[in-house]
Amino acid sequence: MKESILLVEDEKSISEIVVFNLIQEGFEVALASNGFEAIEIVKKTPNGFSLIILDLMIPVISGWDVCDAVKKINSSTPVMMVTARSGTEDRIRGLRMGADDYLVKPFDLEELLLRVRNLIRRSGKEKFQEELKFGGNYVNEVTWEAVRSEEHTSELQSHSFISYAVFCLK
């Protein structure tokens, strides 16, 4: 199961780039273009999100109010505020409201992606993949079993398993 992210962003050019890159990184992404839509999506998502990326200056309901509502629905969901509001008082307000991170626009895409991964990992919402699959091969991280093209099964020692898994992920 993939980690799921809700992106709340009203600027189409930004949302398209961020959604594309998050999908390329292996995330499932839901998109809301205003605050009301964001709150409704959160309410209708029973398993919640691994992360919410939230612009503050969005239509209908402000990002501030969305953050407050989201934290009342599920206080453990990490929220990253991504906004053009760069003042110290805005950052402090966001963090006091429960945001787990605050990134000022314009931002470097690689920095955003690294922050996303780090927030999900630290929150404990990272989905554990029991099996790494590639082509007809897979490695089971629990049993340390490696299967190559459905033909050959072998149990790997810890150092071999790590080397094999790293090789397969590259």
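The values are calculated or read from the model by the stated rules, or taken from the named source; none is laboratory data. Remember, predicted model here, so these are calculated numbers, not experimental data. We place every Cβ from the backbone using ideal geometry, glycine too, and count neighbours over all the protein chains shown. The protein model used for the area step is the full one, side chains on, heavy atoms only, and it has no ligands, DNA or RNA in it. Shrake-Rupley method; radii C 1.70, N 1.55, O 1.52, S 1.80 Å.
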- Message: Condition first: touching a Phe, Trp or Tyr at 6+ places or on another chain (Cβ under 6 Å) and of a type in the set (Gly, Ala, Ser). Now tell me which residues in the stretch 77-121 satisfy that.
- Response: Gly94
- Query: Which residues, taken from the stretch 41-59, are assigned to a helix (DSSP H, G or I) and open to solvent by less than 50 Å² (accessible area, probe 1.4 Å)?
  - Reply: Ile41, Val42
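Residues of the stretch 70-101 being closer than 27 Å to Lys44 by Cα and open to solvent by 20 Å² or more (accessible area, probe 1.4 Å), which ones? First the steps, then the outcome.
Restricting attention to the stretch 70-101, the residues satisfying the condition of being closer than 27 Å to Lys44 by Cα are 70-83, 94-101.
Across the stretch 70-101, the qualifying residues are Lys71, Lys72, Ile73, Asn74, Ser75, Ser76, Leu95, Arg96, Met97, Gly98, Asp100, Asp101.
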- Quick check: anything in the stretch 13-25 closer than 19 Å to Val70 by Cβ, of a type outside the set (Ser, Thr, Tyr) and not in a helix (DSSP H, G or I)? no
- Message: Among the numbered criteria (1) polar (S, T, N, Q); (2) over 22 Å from Lys2 (Cβ atoms); (3) assigned to a loop (DSSP other than H, G, I, E, B), which one does Thr77 miss?
- Response: (2)
